[in-house]
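Contents: one structure, followed by commentary.
The values are calculated or read from the model by the stated rules, or taken from the named source; none is laboratory data. Note that this is a predicted model, so its numbers are computed, not measured. Quick reminder, even Gly has a Cβ in these numbers, built from the backbone with ideal geometry, and neighbours come from all protein chains shown.
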Amino acid sequence: SAEAVECRAWVFGVVQSGFVTLTVLQKPYFIAATQAGLTTIFGEGIDESNMIDHDDENQEALAWLEQQDGKERMISDSSEDQIVGDDLLRLVKEFYDAGAVEVRVTGLTIEEDYEDGDGLEITLPQGPAERARLFAIAGRVLRTINSAFDQDTEQGQARTGISW
């Protein structure tokens, strides 16, 4: 059964597949949640015009970055902290070169002149050496961007990621 909870905070987090998605809202809102997770957000001040379908919200990062439509692409925390352009392309290629099965940009916001993701999700291979390299790269990036999240540790999971 669903239970509505009034929230008066500016930020809430949703854990899904081991990742936390943070959303900022400008006014009080309600969240209808079930034991399976977040089901509905409703309330005054929620602007859904910027939200996109879940299928479009997470895209393969290399294909996303290599689109030739003139848009700037980045991952950021909605402030001055961001990884953009060639730096982001090099990072995605570094994950693939280290053995990532797939790298996806998560939490996309699509605007007329730019697209901004909130992080990268890395699908891990089976090999222990490749997995160790990918965890090391993710840890380095998390320290560089001063992420609020701790680095994942090896627990046999299918994915790891980076986010603010």
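Values computed for the structure shown
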item	result
Verdict on LYS27 being surrounded by fewer than 16 Cβ atoms within 10 Å (Cβ to Cβ) and at pLDDT 55 or above	no
Residues being more than 30 Å from ALA132 (Cα to Cα) and among the hydroxyl-bearing types (Ser, Thr, Tyr) - total across the stretch 98-117	2
Residue satisfying all of: in the stretch 93-135; surrounded by fewer than 19 Cβ atoms within 10 Å (Cβ to Cβ), aliphatic (A, V, I, L, M) and modelled with pLDDT of 95 or more; nearest to ARG73 (Cα to Cα) among these	VAL101
Residue list for the stretch 89-113, filter: touching a Gly at 6+ places or on another chain (Cβ under 8 Å) and among the aliphatic types (A, V, I, L, M)	VAL105, LEU108
Residues of the stretch 119-153 satisfying the condition of being among the acidic types (Asp, Glu) and out of contact with any strand residue (DSSP E or B) (no Cβ under 6 Å at 6 or more places or on another chain)	GLU130, ASP150
Every residue from the stretch 92-118 that is β-branched (Val, Ile, Thr) and out of contact with any strand residue (DSSP E or B) (no Cβ under 6 Å at 6 or more places or on another chain)	ILE110
Residues of the stretch 65-86 classified as exposed (fewer than 12 other Cβ atoms within 10 Å of the Cβ) and at positive phi, total	1
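Quick grid of which residues meet (1) out of contact with any Ser or Thr (no Cβ under 7 Å at 6 or more places or on another chain); (2) without any contact (Cβ under 8 Å) to a residue 40 or more places away in the chain; (3) within 20 Å of GLN68 (Cα to Cα):
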| position | (1), (2), (3) |
| --- | --- |
| ASP81 | yes, no, no |
| LEU91 | yes, no, yes |
| TYR96 | yes, yes, no |
| GLU102 | no, no, no |
| PHE135 | no, yes, no |
| LEU142 | yes, yes, no |
